[in-house]
Every structure is written in C-alpha cells, then in structure tokens.
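The values are calculated or read from the model by the stated rules, or taken from the named source; none is laboratory data. Everything numeric in this text was worked out from a predicted model, so none of it was measured. Positions of Cβ are backbone-derived with ideal geometry, glycine not excepted, and every protein chain shown enters the neighbour counts.
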Amino acid sequence: AARPMLTDREVRSTLGSFGFSGDSVDKVCDVLSGGEKIRLAFARILVNPPNFLLLDEPTTHLDMAACEALQNALADYEGTLVIVSHDVEFVRNVATSIIAMTPPGITRYAGDYDYYKEKSAAMALAALSRLEAPRKETPAAGKKASRHERAEKVRQTAAQRRPLQQKMAAAEKRLDILHADQAAVLETLSSQAAGTDFAQLNQRLAALQKDIAETERAWEDAAEKLQELA
C-alpha cells in the first residue's frame, strides 16, 4: 500500500537525513550534482519502499553522513535486500548473509561480513593443513610411485604454496595498516573540529575503503588457490 502523504516536516526530516537542508531542500532536480541525485533517489525509494531492493555499489558518490543515513534506513527496511559492494564497512554494517562468487564456485555464508571472513579463513587454514599432512601412498599402474617422483611432487606443491602463503601474510599486514588508517580518519571526521577539511577526509576514506576491498580480494584469491592445491 502507498504511504500516506507526508507532512512538510516529515519531508524535510527525510531529506535532511540524506544531506539536504536549508535552501538545498528547494533546489530543482536539474541543478543537482550526481551525488545529490543519488542521495535524492535513495530518499524517494525509502519513503515508500518496495518489497525487494537490488543495490549496486550504493555508497558511490555518498559522503560519510549520507552513508550513515542510508545504513540506518536500510536497517529499518523490512523487505529483501541484495547489495553488490566493495565498501567493506558498509557491508559489515548492513549485510546479514554473504554470497561469495569465486573461481571454485558460489558459496553462501549464513552470517555477517565478519562471520564470512572467519569462515573463509578457517577454510583456507584447513586446506593448508591438508596439504602439509602426510599423504597415504596409492599404487599407480600397479606400482608405488618411486621415491624420486614423490619427492618431486612434494617439491612442486611446496613451490606453489610458498608464494600464496607469502601473499596472504603480506595482505594481512597491509590490512592491519589500512584499518588503522581508516580508524584514524573516522575519528577525525567524528570530532567535527573547526578547520577540518571534510571533503578531503571523505576522499581519503573512500580511497582507503577501496584499498581495503582490493587487499581483501587478494587475500581471498590466494586462500582459494591454496584450497585448490589440497
């Protein structure tokens, strides 16, 4: 059913949550920037939401305040929501289950982003343990593999594993640095200190979020390849 007509106060409150206040409330759509049009579109959708929403990179062109407003609105959304996003913090705050599409296939994780990271890391460690465990020899063409063949196979597998393990370790170290930088930027933004260049900080935050997403993908790619070697 359509939502009843909103009062002027309710309209201004909704627009205000997406960054429209003062004279900007009376702007015509033709003069809005790309980011403002995106924020207005979300405000319109969430005034009378449909039963199903498919959002592709919804935080693109949104500043931190608009992202928080969108997160709060989606938290109250009662329909089915599917999001495609590289914004790790947004996914962490909104998603209740994760669908990971990787070279081995599609896997659904019945939990939030942190649950997904924990489970995918556990799967990678399990794969690594299987690789390092001694394997039972099997006959080939009626004969056991020669000692030389077994040694060569172990050497090749170890040579394939080593760069993947190094890549995962490097990604983990970089993620620690990036998350620390992100926390520092968020703390500065939340302080609302006079003279703060919020536009520059929001750009820095967006760059960090992109870097975090790319580094996590690199870690996941290496983990998946380790699993394939098991």
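Would it be correct to say that Leu40 is modelled with pLDDT of 80 or more and within 28 Å of Ala100 (Cβ to Cβ)? For Leu40, the condition - modelled with pLDDT of 80 or more and within 28 Å of Ala100 (Cβ to Cβ) - is not met.
Among residues that are small (Gly, Ala, Ser) and modelled with pLDDT under 80, Ala66 is included.
Residues checked against (1) under 30 Å from Trp219 (Cα atoms); (2) without any contact (Cβ under 8 Å) to a residue 24 or more places away in the chain:
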residue	(1), (2)
Leu32	no, yes
Arg44	no, yes
Pro49	no, no
Cys67	yes, yes
Asp76	no, yes
Ile98	yes, yes
Asp114	yes, yes
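Scanning segment 183-216 for residues that are farther than 26 Å from Tyr116 by Cα and in contact with an Asp or Glu (Cβ under 7 Å, 6 or more places away or on another chain) yields a count of 1. On inspection, Ile83 does not qualify as among the aliphatic types (A, V, I, L, M), out of contact with any Asp or Glu (no Cβ under 9 Å at 6 or more places or on another chain) and at pLDDT 85 or above.
Let's see how each residue does on (1) exposed (fewer than 13 other Cβ atoms within 10 Å of the Cβ); (2) at pLDDT 85 or above; (3) touching a helix residue (DSSP H, G or I) at 6+ places or on another chain (Cβ under 6 Å); (4) not acidic (Asp, Glu):
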| position | (1), (2), (3), (4) |
| --- | --- |
| Arg150 | no, no, no, yes |
| Thr157 | no, no, no, yes |
| Leu164 | no, no, yes, yes |
| Lys167 | no, yes, yes, yes |
| Ala171 | no, yes, yes, yes |
| Leu175 | no, yes, yes, yes |
| Leu186 | no, no, no, yes |
| Ala194 | yes, no, no, yes |
